[in-house]
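The structure under discussion appears below in the form of structure tokens.
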Amino acid sequence: MSRLSALAAITLSLAGGTALYAQTARQDGDATPPPNARYLSQPLTREIFTADPSAHVFNGRIYVYPSHDIESGVPDDDLGTQYAMRDYRVLSMDRIGGKVTVHPVALDVKDVPWASKQMWAPDAAYKNGTYYLYFPARDPQGVFRIGVATSKSPTGPFKAEPEAIRGSFSMDPQVFTDSDGQSYMYFGGIWGGQLQRWATGSYDPNGGDTDLKQDDKPALSAKIARLDGTMKQFAEAPRDVQILDEAGKPILGGDHQRRFFEGSWTFKRGNTYYFTYSTGDTHMLAYATGTTPYGPFKFRGHFLKPVQGWTTHHSVTQVGGKWYLFYHDTQRSGKNYLRNVKVTPLTFNADGTIQMIDPFVR
């Protein structure tokens, strides 16, 4: 399936100050909202296009580290060539629903010695007075690596390390810091994220453009690696993040409703670790739970229905004792590569399951 089929028609109108989602037609089998369904949430900013929001609370203020979408002029394809982002801009606000500040450029690809192009979904962390920005980009050979840059300010500017993190590959880094202070990086994504090309342990340029084409075998896994004390290198070799079904068996490659595609985000609630991710070509956000940062994680369900647009990428964070989901769609542009970030409350049931969110009010 090509991203070209993701949106066949988009019409935007305004009624009573609320943007309406008119009829869309997808050819990939996901649900199509009924005509005139309203968007559940509005974009955090209309100043620039943003996607892949990684949200954090630093010193009582909310900071969102998104991709900065730009007009690329590149046709859609399954490898994400149209996502030609070249820098990062940080968003911040003092409260959910408050005024959003769009800060100046935090990091530009021209200032990253090892990177050539495509500054995709980033994340950030803080330790001992330093803010760390983690980001994927292609190296001069076209291989995705993950880099790190530092600043004394949560909004940058950030200074990149001269080389990518040793042993890093693929995309979508997320750094989770546990209650004991130990930090871990989750990363990886199939298709354009190249995870399938690392299946043998080293990069194979002929490793395919989608997945392993082995529907009856365990699906490709996201990766996890503990960070060392510098927060700039792995303290161990990356290992698989295993997602198990209700019978304790690995989710299979052919199970596109449940298998990992991209967009890892892990958080801890009580003593439970939630590993959340996107199913990609089935356009859902899914989650699994475990008792350690490494898992294994038991699949629990989905918690966000398909949004307008092909990609689904998110973060989950606690603000003022309440949980929120940050996500994106294509409300403003109707184009898969010009997205806008949003936020909505996340609600848990008494048994720890997450209530389903519909991105539209039907």
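The values are calculated or read from the model by the stated rules, or taken from the named source; none is laboratory data. Nothing here was measured: the structure is a model prediction, and the numbers come from that model. FYI the Cβ positions are ideal-geometry reconstructions off the backbone, even for glycines, and counts take in every protein chain you see. Accessible surface is based on the protein model in full, side chains and every heavy atom, while ligands, DNA and RNA are left aside. Shrake-Rupley method; radii C 1.70, N 1.55, O 1.52, S 1.80 Å.
Structure data summary
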quantity	calculated
For residue 163, residues with placed amide H under 5 Å, excluding near neighbours	none
Max mean-square fluctuation residue, GNM over the chain, Cα-Cα springs under 10 Å, options 234, 58, 275	58
Choice from 282, 230, 272 with maximal GNM fluctuation in the chain (Cα, 10 Å cutoff)	230
About the Cα centre, charge dipole magnitude for segment 34-115 (Lys/Arg +1, Asp/Glu -1 at Cβ), debye	540 debye
Cα-Cα separations in segment 103-169 greater than 20 Å, expressed as whole percent	21 percent
Segment 227-321 - percent of accessible surface contributed by carbon and sulfur, probe 1.4 Å	46 percent
Percent of C-alpha pairs per 10 Å bin, segment 153-291, short to long	11, 40, 35, 13, 1
From phi via Karplus (6.51, -1.76, 1.60), per-residue ³J(HN,Hα) for segment 228-242 in Hz, x at Gly/Pro	7, x, 7, 6, 10, 9, 6, 8, 7, 6, x, 10, 6, 9, 8
Amide proton proximity set for residue 304, modelled H, under 5 Å, gap of 5+	285, 357
Gaussian network model of the chain, springs between alpha carbon atoms under 10 Å - residue of 105, 64, 343 with greatest fluctuation	105
At q = 0.09, 0.13, 0.16, 0.18 Å⁻¹, base-10 log of I(q)/I(0) for segment 258-362 (Debye sum, equal scatterers on each alpha carbon)	-0.22, -0.45, -0.68, -0.86
Where only alpha carbons of the chain are counted, the Rg and the Dmax (Å)	18.9, 55
Largest-first ordering by accessible area, 1.4 Å probe, given options 200, 130, 279	200, 130, 279
Residue order for 298, 99 - accessible surface, 1.4 angstrom probe, largest first	99, 298
Residue 117 - accessible surface, heavy atoms, 1.4 Å probe, Å² rounded to 10	110 Å²
Overall Cα dimensions of segment 56-102, principal axis frame, Å, largest first	40, 17, 16
Enclosed volume per residue, in Å³, of the convex hull spanned by Cα atoms of segment 237-310	99 Å³
Backbone HN-Hα couplings from phi across segment 190-200 [Karplus 6.51/-1.76/1.60, Hz, Gly and Pro as x]	8, 6, x, x, 6, 4, 5, 7, 10, 4, 8
Cβ-based charge dipole, segment 164-268, positive-most Cα from 237, 195, 173	237
Nearest-10 value in Å² for the accessible area of residue 244, using the 1.4 Å probe	30 Å²
Separation of alpha-carbon centers, segment 248-272 and segment 71-139, rounded to whole Å	25 Å
Solvent-accessible area of residue 246 with every protein chain in place, 1.4 Å probe, in Å² to the nearest 10	140 Å²
